[in-house]
Amino acid sequence: MPNGITIQKHGGVSFPILTEPIDEVMVIERATSFTKRSIKKQSKLDALYKCIEMIDLTTLEGADTVGKVKQLCTKARFPVTSEFAEELARYKNFQPIPSVAAVCVYPSMVATAREALKGTKIRVASVATAFPAGQVPLKTRLKDVKDAVSAGADEIDMVINRGAFLAGDFQTVYDEIIQVKEVCGSAHLKVILETGELATFDNVRLASEIAMEAGGDFIKTSTGKVAPAATMPVTLVMLQAILDFYDRTGKIIGMKPAGGIRNAKQAVHYLCMVNEVMGSMWLTPELFRFGASSLLNDILKQIYKQFTGRYAYDKSFSLD
Amino acid sequence: MAGLNDSNLQIAKTIKLYINGAFPRTESGRSFPLHKFNSKKIYANLCRASRKDLRNAVAAAKSAQSGWCNRSAYNRAQILYRMAEMTEGKRNEFVETFVQTLGYSPERANLEVDRAIDALVYYAGFADKYQQLIGAVNPVSGPHHNFTTPEPVGVVGLLCREEFDFSHMIAQIAAITCPGNSLVILLAEEGAAVLAPLAEVFATSDLPDGVINLLSGFTSELYEHMAGHMELDSICFDGKNEKIRARIKEEAIHNLKRAIVKPQPDFTLEHILAFVEYKTVWHPIGF
């Protein structure tokens, strides 16, 4: 961990970024401890509903088509078919399945998603800044963001310059986030650290600090294109950074683990962690999101099991 | 390493479940003792599978099924035949299990293994033949070529009879897997020690992971979960318990799974046909 890093702010003020070295063993231990909670019955059901409301339903493929994005938006609004909802509605205490928090697409699909989600509260998130590598000139990256915002994106998921970060040029990383934030205007900015490429927890913590200082509204683990993507320990390090930043500055930053969270059980583990590390204040879609695609179907399966007592099958749900 | 050669230390085999080609312990951490025949001595402590183990086994079987039925019929036959070879190789282990836990005479135990091997070879032969034998070209009025062909039903749950019947169980396994179904088996409690050599046969026969999954546990605890599981396409139980049969038929309704609750005759084509469904194709032709 390079100590005593100083970042130059605009207007000549510089500030030091000081972080304690991270105890890797204990981070992993503590993160694992959140997977041991026994969440059953009504609490489990509540947690599953909450998870749905926190999902950024995502499709980020070269093969994305207008039709696929429209289909995904329909799924975001109505996660289950009407037949499925009717079957569950026969059970006592059944609550309608909520819609997800946002749909996350490439900039070229923002207009399509915007149109498909008209009249709903579901937000349109767009990855930008030459996602996922970010290896294009800054000018092009900023144009990418501008295009996504003008097409109607409510939220921008940017990638940090890992090349600069790993070369030790933290000032560049910071300055670029500042510029992206300016271009975003009123759109929320989520800063993707791509933790799978940062190699150490110390780096993750440092990148989190830089992203928050530069004005990111959310920090996000991964693009989902690099393994390992979101893990519990890496999310814990970032949550702790958010908490310390809040204590220091009073600013509330959101967290978005993304990639690799495929089943309901993992998602509930994350909720336990957020609740125990941050408190229930962070357990809201405004401050915590899952970047996921197949997670939603697994949560629906678990909800089906909770009400009917039977294990569901894949054919009950859409394929994507 | 000095001294080890003189040791008479017996290393007993831990009998675990067989799910997706691996040998996990039950996620529940539970076990039940299996006694030696007519004795209070414990032969082994077996895993008592939970409904979550069942769920995992079904998920494994589901993901393995399409790959298995898309193998060439000839290759499925080879693999079933390979199982027969491996069963022969493990004959002593099977015989020892039957003698110790079921009180069979060595002659009877050997006979059971013989019949099991015969069953594997028999159904191996049918893997690339049953479709020709039972498929049909149907006469229809109109310009269509119309034909019917049997296809595997999908993922099958097999609840073994209460009374352990090794050769019948193997015949069922072979009849179900030869057309391309995958399988989750809950072994009969009294014969559950056979899980160890049997799983090793499957694990060493080039059988793709997840095609056959073996669970040991209590039928009374798991049969309703199996019968109600929406991912299973068929469930088979040919034991005597009327209550279990009736409940299976009720629970099977939810996803219209095929409930096979009548005993099927071993060593027949009909046995295989209990686990297939028929596809009829109308193909337009000129006048």
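May I ask you to evaluate 6.51 cos²θ - 1.76 cosθ + 1.60, the Karplus curve with θ = phi - 60°, for each residue of the range B:84-92 and list the ³J(HN,Hα) values in order in whole Hz, giving x for glycine and proline? Couplings: 4, 4, 5, 5, 4, x, 9, 3, 4 Hz.
The phi-based Karplus calculation (6.51 cos²θ - 1.76 cosθ + 1.60; θ = phi - 60°) puts the 3J(HN,Hα) values of the range B:52-68 at 6, 4, 4, 4, 4, 5, 5, 4, 5, 5, 4, 6, 7, 5, 5, x, 5 Hz, whole numbers, x for Gly and Pro.
At R0 = 51 Å, how high is the FRET efficiency between A:Phe15 and B:Thr14 if r is their beta carbon distance? Nearest 0.05 is fine.
Details: r = 59 Å, r/R0 = 1.16.
After rounding, the FRET efficiency stands at 0.30.
With respect to chain A, whose longest principal axis is taken over its alpha-carbon atoms, helix A:41-53 is tilted by about 60°. With a threshold of 25 Å on the Cα-Cα distance, the over-threshold entries among A:Lys121/B:Lys52; A:Lys146/A:Lys256; B:Lys52/B:Lys249; A:Lys40/A:Lys121 are A:Lys121/B:Lys52; A:Lys40/A:Lys121. Inter-part distance, the range B:141-163 to the range A:267-283, computed on C-alpha centroids, equals 48 Å.
I need the shape label for chain A. Rule: rounded when a/c is under 1.5, else prolate if a/b > b/c, else oblate, with a, b, c from the alpha carbon gyration tensor. Oblate, because a/c is 1.5 or more while a/b does not exceed b/c. Among the listed pairs A:Lys36/A:Lys251; B:Lys129/B:Lys243; A:Lys225/A:Lys251; A:Lys315/B:Lys279, those with a Cα-Cα distance over 28 Å are A:Lys36/A:Lys251; B:Lys129/B:Lys243; A:Lys225/A:Lys251. Could you state the angle between the C-alpha long axis of helix A:24-33 and the longest principal axis of the C-alpha atoms of chain A, as a value from 0 to 90 degrees rounded to the nearest 10? It is inclined by approximately 20 degrees.
Helix B:106-126 and the longest principal axis of the Cα set of chain B meet at an angle near 30°. Amide H contacts under 5 Å for A:Val159: A:Ala128, A:Ile192, restricted to partners 5 or more places along the chain or on a different chain, H placed in the peptide plane at 1.01 Å from N. Here the spin labels are modelled as points 7 Å beyond Cα on the Cα-Cβ line, and at A:Glu53 and B:Asn241 they lie 4.3 nm apart. Once backbone amide H atoms are built at 1.01 Å from N, B:Cys236 has B:Gly157, B:Leu158, B:Leu159, B:Ile260 as its partners under 5 Å, excluding neighbours fewer than 5 places away on the same chain. For A:Leu189, the residues 5 or more places off, or on other chains, whose built amide H falls under 5 Å of its own are A:Ile156, A:Asp217, A:Phe218. For the range A:97-112, putting each phi into the Karplus relation 6.51 cos²θ - 1.76 cosθ + 1.60 with θ = phi - 60° gives couplings of 6, x, 8, 7, 6, 7, 10, 10, 9, 6, x, 5, 9, 4, 4, 4 Hz, in residue order, rounded to whole numbers and with x for Gly and Pro.
Read-outs: derived from the displayed coordinates by stated rules, not from any lab. Only a predicted model underlies this, so the values are computations on that prediction, with no experimental measurement involved. Using ideal geometry, Cβ is built from the backbone for each residue, glycine included, and neighbour counts are taken over all protein chains shown.
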